[in-house]
Amino acid sequence: MDDWSAPAGAPESVAAQDGVSVIATTPRTDAPSVAAPLAFAFSGSGAEYFRIWIVNLLLTVVTLGIYSAWAKTRRLQYFYRNTRLADASFDFRVDPKAILRGRILAVLLLQYSRAMELEADDYAAEVLRRNGQSPEYFADILQALERGSPSATWVPRWLSHSLNYLSTHPATDERIARLRARPRP
């Protein structure tokens, strides 16, 4: 292997040891030592987004919320497609029908969650009654928890009641009324 000659442009030195060639190279001086930070860039405009937002809002209201799945997809596609990183844009690829099916399923399952919560309240009231206690104690605890809840101080009462259909639990007022209506031991 001593009579081996390196081709033009080959590394500076080649050594053979136990039949294995070892190549020594010098580091490139034109390569940056630290990777340059990548910056995000957004190319959308407020006017363009406003048009998307207003159309989404109107169609969502007109369709009683059904269009909201398409509105979400359209909004996120706008933001993703106008956001660039290293000269590459993103994309949001979700089937709005899948979002709508998921939302319908969630609304259908809410009734079971609420029913289970009321069943748990009934069970707790029955345990109290069997032990000679009034369900009023449980109602008092729920009322105290409601007063101490952060939402009790900043959410207007009318809004709290109007949004109960989105909650996984029955309204606390409803739970308290049911407990107070139960017969005492």
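Could you pull out the residue among ARG103, ARG74 that is under 30 Å from THR168 (Cβ atoms), in the same structural domain as SER167 (by TED's automatic domain parsing) and at pLDDT 85 or above? Quick ask: steps written out before the conclusion?
Working: ARG74 fails: in the same structural domain as SER167 (by TED's automatic domain parsing).
Selected residue: ARG103, the only one of ARG103, ARG74 that is under 30 Å from THR168 (Cβ atoms), in the same structural domain as SER167 (by TED's automatic domain parsing) and at pLDDT 85 or above.
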When (1) at pLDDT 70 or above; (2) closer than 30 Å to ARG103 by Cβ; (3) loosely packed, with under 13 Cβ neighbours inside 10 Å are applied to SER162, the one that fails is (1)
Keeping to region 77-91, report how many residues are farther than 10 Å from PHE40 by Cβ, part of a strand (DSSP E or B) and among the basic types (Lys, Arg). 0
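Would you say ALA35 is farther than 30 Å from ARG175 by Cα and not in a helix (DSSP H, G or I)?
Values: farther than 30 Å from ARG175 by Cα: yes; not in a helix (DSSP H, G or I): yes.
When the stated conditions are applied, ALA35 passes them.
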Answer yes or no as to whether ALA69 is in contact with a Leu (Cβ under 6 Å, 6 or more places away or on another chain) and either modelled with pLDDT of 95 or more or closer than 26 Å to SER167 by Cα (or both). yes
Taking region 39-76, which residues are surrounded by 11 or more Cβ atoms within 10 Å (Cβ to Cβ) and in a loop (DSSP other than H, G, I, E, B)? GLY44, THR63, GLY65, ILE66, TYR67
Which one of these is in contact with a Pro (Cβ under 6 Å, 6 or more places away or on another chain), modelled with pLDDT of 85 or more, under 26 Å from ARG130 (Cα atoms) and surrounded by 10 or more Cβ atoms within 10 Å (Cβ to Cβ): LEU179, LEU142? LEU179
Inspect all residues belonging to region 116-134 and state whether any of them is surrounded by 11 or more Cβ atoms within 10 Å (Cβ to Cβ), at pLDDT below 80 and of a type in the set (Ser, Thr, Tyr). no
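The values are calculated or read from the model by the stated rules, or taken from the named source; none is laboratory data. For clarity, every value in this text was computed on a predicted model and none was experimentally measured. As a convention, Cβ positions derive from the backbone with ideal geometry for all residues, glycine included, and neighbour counts pool all protein chains shown.
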